[in-house]
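Trainee: Quick one: structure below, then a few questions.
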Amino acid sequence: MTIGDWLTESANWAFLFLAIPTFVASVMVVSSRNVVRAVLYLVIALGGSAALFLMLGAEFVGWTVVLVYIGAVIILFLIGIMITRAPLTKSVDLSHPISAKAPAALLSVLLFGVVAWAVVESFGLETIPLPEEATRTGEIGLSIFTSWVIPFEVVSFVLLAALIGGIVLARKDEPAEVP
Amino acid sequence: MIDYHAILPEIILALTVLAVLVTDLVTKDKYYAAVVGMAGLFATMIPLLTLALCDDLAGCSGELPRVLFGGSYVVDQYAVVLKAVFVFAVFIALLLAVAYLESDRYYEGEFYFLLLAAALGGVVMSSSRDFLTLIIGLELVSGPGFLLAGWRKGDERSNEAALKFFIIGVTGLALLLMGVSLVYGITGTQLFAELAATPQAIVDEPVFALGLLFVLLGFTFKISAVPFHVWTPDVYEGAPTPVGAWLSVGSKTAGFVGLLTVCYLAFPQVSNLWGPALWLAAILSMTVGNFVAIQQTNVVRLLGYSSIAQAGFILAPFGAAAAAGADLQQAFAASVTYLVIYAVMNLGAFGVVIAVGTRLKTYELADWSGMYRWSAGLAILVGAFFLSLAGIPPLAGWFAKLAMFSATIAVGDIWGYSIAVVAALNTVVALVYYTKVVKTAFFDPVPDTIDVAALEGMDVAPPMQLALGITAVLVLVLGVFPGLVSTLAQYSSEVVTAAGL
């Protein structure tokens with residue numbers, strides 16, 4: 001399949017329609033100078049990725065991204081920014097000189113290049129048919145409580161540990177002595 | 001129908017974790033939370049023993065390996081041995097923490113809770129035979145680690161340790177997940193048994209190799225092998241010292257469990273890819289760890305670099321055997337032998353460092369001079385654990401080294417011999433700084449700033465005495481009767497035959 005053939009399919013136009021704004025919004029998240037704006041761009045980026053999951057037929061994952069990330073995490077971000085009164089704009093302390101940014105940027109680009117090359121090399125432009133049964137929400141729910149019950153229960157311990165530890169670290173008390 | 005006997009250790013440990021939290025809530029004296037935790041750990045050992053000895057017990061049916069959930073959770077010999085290592089490590093870390101936390105105002109009950117939760121993660125990891133369960137188990141080991149590293153909230157070094165550990169740990173995890181997603185994408189499975197049977201056409205795809213590389217990198221962070229080791233000494237130094245003890249043993253063992261299981265069970269057919277990578281990581285870790293350790297003046301940082309070097313020794317037989325395409329089972333047994341002995345002696349070394357540190361209020365080696373004058377007992381323990389780490393007979397460390405050398409030489413080939421030579425040179429380098437600590441403690445004059453009379457009057461707290469006693473006895477017993485641990489390791493390596501590889 002060539003790029004020309006690829007463009008004749010309407011689903012691929014829908015993909016581009018979703019992917020390009022998602023990509024632009026993702027870049028804006030990290031380049032935006034204002035934290036609140038970055039969070040709002042994140043909403044677009046996450047919404048776009050949720051729509052991509054829906055396009056793939058992964059309705060459970062798609063709606064989870066909407067509910068958990070856009071619904072809860074973003075709101076948490078905004079509330080967090082509000083109640084901590086964090087500075088909204090550029091912080092001098094956290095800015096790195098260009099000498100530190102350049103290698104990081106180079107590494108990122110290289111990493112992207114390698115991963116992109118490998119993915120294109122392995123999958124190319126071939127069409128991979130969607131397995132029918134793999135994507136239904138009901139079956140995912142069933143499998144969570146049958147074959148994946150151990151990881152499911154362990155996740156609840158991860159969350160409990162994060163909750164308890166987070167409370168301890170965030171609590172305000174007099175500084176302890178240094179032993 | 002779920003085989004409840006097989007997952008009984010996990011169930012008991014999980015209930016213990018919750019019981020500790022409730023005890024902390026209802027009691028004034030937080031000591032009881034630790035007592036409940038230790039009782040739970042003893043209870044966890046019982047089903048581990050019955051699982052291992054099931055054949056000899058009346059009324060017990062079913063032998064190892066016990067396969068649950070379609071092969072994604074397997075209780076085999078290897079899993080049982082490593083679960084016992086995690087339970088033992090957290091038991092000692094708990095004993096060390098009790099004495100340490102009571103010496104100052106810390107949150108106690110929550111500390112024990114997090115420590116035990118991390119152990120639960122390790123126990124789950126030991127049985128995980130698919131990526132999803134393994135990674136979630138790894139999360140449960142890492143998450144509490146990040147939080148515990150920052151437990152000394154008033155100390156900036158502790159804050160820095162927690163943040164550094166968190167960012168590096170999360171980066172490692174992101175790499176690991178990236179790798180797993182690539183492997184899953186190309187193979188369509190994340191079950192180790194099915195991955196091991198991947199057809200050659202798929203193995204040759206670049207995405208498969210790239211995914212494997214990311215998975216390896218992710219675990220390299222966890223075991224603090226070079227080149228992803230830089231966080232280790234800073235975190236051990238900044239975190240409360242018992243947390244350092246847990247991270248250097250429990251968290252590191254978790255990383256090794258992940259790495260060995262994944263390499264051995266999921267990717268045996270591409271050992272020519274990951275073998276040389278592990279071989280190189282082993283050589284670099286030994287060399288960098290040891291040469292930097294020589295320059296350290298702080299004992300905790302010294303142990304940090306020493307643990308990097310020891311990670312290299314643990315990896316050496318496995319990496320060499322895989323690189324040379326030799327029989328993996330012996331190398332696997334040697335790596336597990338080293339891991340088990342390292343766990344015991346490093347916990348002991350950290351224990352004695354904490355015992356001395358709570359008296360002196362400093363971890364600078366210079367202040368340790370002449371420890372023998374004010375506490376002969378502690379000085380002797382310093383000698384025992386540090387010389388064991390160096391590999392001097394009759395302390396347990398010598399057998400770990402012996403197993404490592406004989407396995408690498410048995411590999412033969414340029415891979416095996418070269419790493420044996422590097423390891424031998426490194427053993428000599430390591431001897432320099434381990435004996436420097438011992439020499440300082442025994443023969444150097446006491447500095448003027450140290451009040452010998454005051455130090456002589458101080459006792460070691462009873463839980464600390466117990467922890468030091470257990471590890472010291474084990475270091476001696478395992479050194480004199482090394483058959484005990486090599487039997488365990490051979491037993492654990494039966495996983496190969498069990499998995500039909």
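Trainee: Restrict the check to region B:439-453 and report whether at least one residue is open to solvent by 70 Å² or more (accessible area, probe 1.4 Å) and among the polar types (S, T, N, Q). Before the answer, list the steps.
Mentor: Initially, region B:439-453 is screened for residues open to solvent by 70 Å² or more (accessible area, probe 1.4 Å), giving B:439, B:443, B:445, B:448-449, B:451, B:453.
Filter once more, keeping what is among the polar types (S, T, N, Q): B:449.
There is at least one residue in region B:439-453 that is open to solvent by 70 Å² or more (accessible area, probe 1.4 Å) and among the polar types (S, T, N, Q).
Trainee: Read through the list (1) in a helix (DSSP H, G or I); (2) closer than 30 Å to B:Pro463 by Cβ; (3) touching a Lys or Arg at 6+ places or on another chain (Cβ under 7 Å), then give the number of the only condition that B:Leu265 fails.
Mentor: With respect to (1) in a helix (DSSP H, G or I); (2) closer than 30 Å to B:Pro463 by Cβ; (3) touching a Lys or Arg at 6+ places or on another chain (Cβ under 7 Å), B:Leu265 is out only on (2).
Trainee: Among all residue pairs at least 6 apart or on different chains, which show Cβ distances below 7 Å where the first residue, located in region A:38-67, is outside any helix (DSSP H, G or I) and the second is surrounded by 16 or more Cβ atoms within 10 Å (Cβ to Cβ)?
Mentor: Once the first residue is outside any helix (DSSP H, G or I) and sits in region A:38-67, its partners that are surrounded by 16 or more Cβ atoms within 10 Å (Cβ to Cβ) give A:Gly57/A:Thr135; A:Ala58/A:Thr135.
Trainee: So which residues in region B:163-179 are within 9 Å of B:Phe146 (Cβ to Cβ) and in contact (Cβ under 8 Å) with a residue 24 or more places away in the chain, if there are any at all? Step through it out loud before you land on a result.
Mentor: Going residue by residue through region B:163-179, those that are within 9 Å of B:Phe146 (Cβ to Cβ) are B:163, B:165-166, B:169-170.
If the condition is that a residue be within 9 Å of B:Phe146 (Cβ to Cβ) and in contact (Cβ under 8 Å) with a residue 24 or more places away in the chain, then B:Phe165, B:Gly169 are the ones that fit.
Trainee: Which pairs turn up if I take residues in region B:1-22 that are outside any helix (DSSP H, G or I) and look for partners that are surrounded by 21 or more Cβ atoms within 10 Å (Cβ to Cβ) and among the hydroxyl-bearing types (Ser, Thr, Tyr) with beta carbon separation below 9 Å, at least 6 apart in sequence or on another chain?
Mentor: The qualifying pairs are B:Ala6/B:Tyr73; B:Ala6/B:Ser127; B:Ile7/B:Tyr73; B:Ile7/B:Ser127.
Trainee: Something else: Taking the stated definitions as given, is B:Gly70 open to solvent by 10 Å² or more (accessible area, probe 1.4 Å), more than 21 Å from B:Ala39 (Cα to Cα) and either within 10 Å of another protein chain (Cβ to nearest Cβ) or at pLDDT below 90 (or both)? Spell out the reasoning first.
Mentor: Details: open to solvent by 10 Å² or more (accessible area, probe 1.4 Å): yes; more than 21 Å from B:Ala39 (Cα to Cα): yes; either within 10 Å of another protein chain (Cβ to nearest Cβ) or at pLDDT below 90 (or both): yes.
So B:Gly70 passes the test.
Trainee: Now a separate question. Go through region B:45-76 and count every residue that is hydroxyl-bearing (Ser, Thr, Tyr) and touching a residue at least 60 places away in the same chain (Cβ under 8 Å). Spell out the reasoning first.
Mentor: Taking region B:45-76 and keeping what is hydroxyl-bearing (Ser, Thr, Tyr), we get B:50, B:61, B:72-73.
Applying the additional criterion that residues be touching a residue at least 60 places away in the same chain (Cβ under 8 Å) yields B:72-73.
Residues in region B:45-76 being hydroxyl-bearing (Ser, Thr, Tyr) and touching a residue at least 60 places away in the same chain (Cβ under 8 Å): 2 in total.
Trainee: Still on this structure, I have one more. Any residue in region B:131-156 that's more than 8 Å from chain A (Cβ to nearest Cβ): show its pairings with residues that are open to solvent by 20 Å² or more (accessible area, probe 1.4 Å) and outside any helix (DSSP H, G or I) at Cβ separation under 9 Å, as long as the two are six or more apart or on different chains.
Mentor: B:Phe131/B:Gln190; B:Phe131/B:Leu191
Trainee: Another question about this same structure. What number of residues in region B:36-67 are surrounded by 15 or more Cβ atoms within 10 Å (Cβ to Cβ) and of a type outside the set (S, T, N, Q)?
Mentor: 16
Trainee: Would you point out which residue out of B:Tyr107, B:Tyr184, B:Tyr112 is aromatic (Phe, Trp, Tyr), surrounded by 22 or more Cβ atoms within 10 Å (Cβ to Cβ) and more than 10 Å from every other protein chain (Cβ to nearest Cβ)? Talk me through it step by step, then tell me what you get.
Mentor: Details: B:Tyr107 fails: more than 10 Å from every other protein chain (Cβ to nearest Cβ); B:Tyr184 fails: surrounded by 22 or more Cβ atoms within 10 Å (Cβ to Cβ).
Going through B:Tyr107, B:Tyr184, B:Tyr112 in turn, the sole match is B:Tyr112.
Trainee: Turning to a different aspect of this structure: Of everything in region B:164-181, what is within 12 Å of chain A (Cβ to nearest Cβ) and either touching a Pro at 6+ places or on another chain (Cβ under 8 Å) or surrounded by 21 or more Cβ atoms within 10 Å (Cβ to Cβ) (or both)? Give them in sequence order.
Mentor: Of everything in region B:164-181, those that are within 12 Å of chain A (Cβ to nearest Cβ) and either touching a Pro at 6+ places or on another chain (Cβ under 8 Å) or surrounded by 21 or more Cβ atoms within 10 Å (Cβ to Cβ) (or both) turn out to be B:Leu175, B:Gly179.
Trainee: So which residues in region B:78-104 are more than 10 Å from chain A (Cβ to nearest Cβ), over 14 Å from B:Val20 (Cβ atoms) and open to solvent by 20 Å² or more (accessible area, probe 1.4 Å)?
Mentor: B:Ala84, B:Phe88, B:Glu102
Trainee: Does A:Thr89 meet the test of being of a type outside the set (Lys, Arg), modelled with pLDDT of 85 or more and open to solvent by less than 100 Å² (accessible area, probe 1.4 Å)? It would help to see each step written out before you state the result.
Mentor: Working: of a type outside the set (Lys, Arg): yes; modelled with pLDDT of 85 or more: no; open to solvent by less than 100 Å² (accessible area, probe 1.4 Å): yes.
Taking the combined requirement at face value, the residue does not satisfy it.
Yes/no per residue for (1) open to solvent by less than 10 Å² (accessible area, probe 1.4 Å); (2) within 12 Å of another protein chain (Cβ to nearest Cβ):
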| residue | (1), (2) |
| --- | --- |
| B:Thr198 | no, no |
| B:Phe219 | yes, no |
| B:Lys222 | no, no |
| B:His229 | no, no |
| B:Asp234 | no, no |
| B:Pro242 | yes, yes |
| B:Gly258 | yes, no |
| B:Cys263 | yes, no |
| B:Ala266 | yes, no |
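Trainee: Related question: For region B:314-328, which positions are more than 13 Å from the chain's Cα centre (by Cα) and either open to solvent by less than 10 Å² (accessible area, probe 1.4 Å) or not hydrophobic (A, V, I, L, M, F, W, C) (or both)? Walk me through it before giving the result.
Mentor: Residues of region B:314-328 more than 13 Å from the chain's Cα centre (by Cα): B:316-328.
Once the filter is applied, which keeps residues that are more than 13 Å from the chain's Cα centre (by Cα) and either open to solvent by less than 10 Å² (accessible area, probe 1.4 Å) or not hydrophobic (A, V, I, L, M, F, W, C) (or both), region B:314-328 yields B:Ala316, B:Pro317, B:Phe318, B:Gly319, B:Ala320, B:Ala321, B:Ala322, B:Gly325, B:Asp327.
Trainee: Further, regarding this structure: Tell me which of these B:Asp451 doesn't satisfy, since it passes every other one: (1) in contact (Cβ under 8 Å) with a residue 24 or more places away in the chain; (2) out of contact with any Pro (no Cβ under 6 Å at 6 or more places or on another chain).
Mentor: Of everything listed in (1) in contact (Cβ under 8 Å) with a residue 24 or more places away in the chain; (2) out of contact with any Pro (no Cβ under 6 Å at 6 or more places or on another chain), B:Asp451 misses just condition (1).
Trainee: Pick out the one residue from B:Arg129, B:Arg152 that is touching a Ser or Thr at 6+ places or on another chain (Cβ under 7 Å) and more than 30 Å from B:Leu466 (Cα to Cα).
Mentor: Answer to the selection: B:Arg129.
Trainee: Among the residues of region B:343-383, which ones are within 14 Å of another protein chain (Cβ to nearest Cβ), in contact with a Phe, Trp or Tyr (Cβ under 9 Å, 6 or more places away or on another chain) and open to solvent by 10 Å² or more (accessible area, probe 1.4 Å)?
Mentor: B:Thr358, B:Arg359, B:Leu360, B:Thr362
Trainee: Something else: Determine, yes or no, whether B:Ala33 is more than 12 Å from chain A (Cβ to nearest Cβ), crowded, with 21+ Cβ neighbours inside 10 Å and not acidic (Asp, Glu).
Mentor: Values: more than 12 Å from chain A (Cβ to nearest Cβ): yes; crowded, with 21+ Cβ neighbours inside 10 Å: yes; not acidic (Asp, Glu): yes.
Yes: the conditions hold for B:Ala33.
The values are calculated or read from the model by the stated rules, or taken from the named source; none is laboratory data. From a predicted model like this one, the values you see are computed outputs, not experimental measurements. Because the Cβ atoms are built from the backbone with ideal geometry, glycine has one as well, and the counts that use them run over all protein chains shown. Surface accessibility is based on the protein's heavy atoms, side chains included, excluding ligands, DNA and RNA. Shrake-Rupley method; radii C 1.70, N 1.55, O 1.52, S 1.80 Å.
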